[in-house]
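Structure, as structure tokens:
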Amino acid sequence: MEFKIESLKVDLGMTPFENMFLNMYVDKASGDALKFYLLVYKDIYNQGNADLNKIQRQLDFSDEDIKRCIDYWISMGVFREKKSMDNQSYIEIVSFRQMYFGDDENPINENSFDLSSRKQVMFENIINIINRALTPADITRIQETLEEYKQDPELITEAFRQAKTSGNVDVKYVMGYLKTWRDQNIFKLNDLKVQEERQKLLRKNSPRQYKRSKNTNLSNDDYKSYAEKARAKRFKKMLEKEDSYEQK
């Protein structure tokens, strides 16, 4: 079935919600939590503040219901507790777009726009790799690691690809890849590729290489028997050396 939006004859106001919020939480949050968030967001967007008493009457919520909704969104990282300059507590609604692109306050230029675009691609690739939406806590951790280690977004994506192969895509675990690479002076995807090729070359040229017998018809029992014979031979040599020392 097709849906269309009716053309407005009279503009009574509109509240734009971030698609990223809707994609992440419409199917996860309870109906009460969603209704509370939408009304709080609408009031703040249009009036600059939220009248909790009015919202409580609209939703017919108890004080406990209001507290439960606030605690839920704080736990999900959507609400953030902060203090003003005069030490008054307040709650800030997190911007998902800001979380994706970071808190860079420098003027927009070609380089910053390019980095923002690459971050967007990075997050989209990560979501495809781990096959789930990123939580605000996930996004914050990735952003903080990206800023602290000064690594390229493409390297973050590669870390998730390698972690997926190992069977663990927990964000905290994946950030361990990036710390290891940072300690190895790897900041770009090309740095990692160079190091991997160097390691392959070192393994190839290493003098300590152990090869199986060319006789591919040997069974596992044959290999065990061969190993046991080799151990017995080494043990016999050790005994012979001890005997020669005693005779001296």
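Read-outs throughout are calculated quantities, based only on the coordinates presented, and are distinct from any laboratory measurement. Being a predicted model, the structure only gives us computed values, none of them experimental. Note: ideal-geometry Cβ built from the backbone for every residue, glycine included; neighbour counts use all protein chains shown.
Listing for the model above:
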item	result
Cα→Cβ-extended label distance, 7 Å offset, between residue 190 and residue 147, nm	2.7
Flagged links, alpha-carbon separation over 29 Å, of 164/188; 179/204; 54/82; 28/150; 82/164; 83/164	28/150; 82/164; 83/164
Virtual spin-label span in nm between residue 115 and residue 233, 7 Å along Cα→Cβ	6.2
Gyration tensor (alpha-carbon) shape descriptor, segment 25-78, a/c threshold 1.5	oblate
Whether segment 13-52 is rounded, prolate or oblate, judged on the alpha carbon gyration tensor where a/c under 1.5 counts as rounded	oblate
Residue 82-residue 165 FRET efficiency (beta carbon distance; Förster radius 41 Å; 0.05 resolution)	0.55
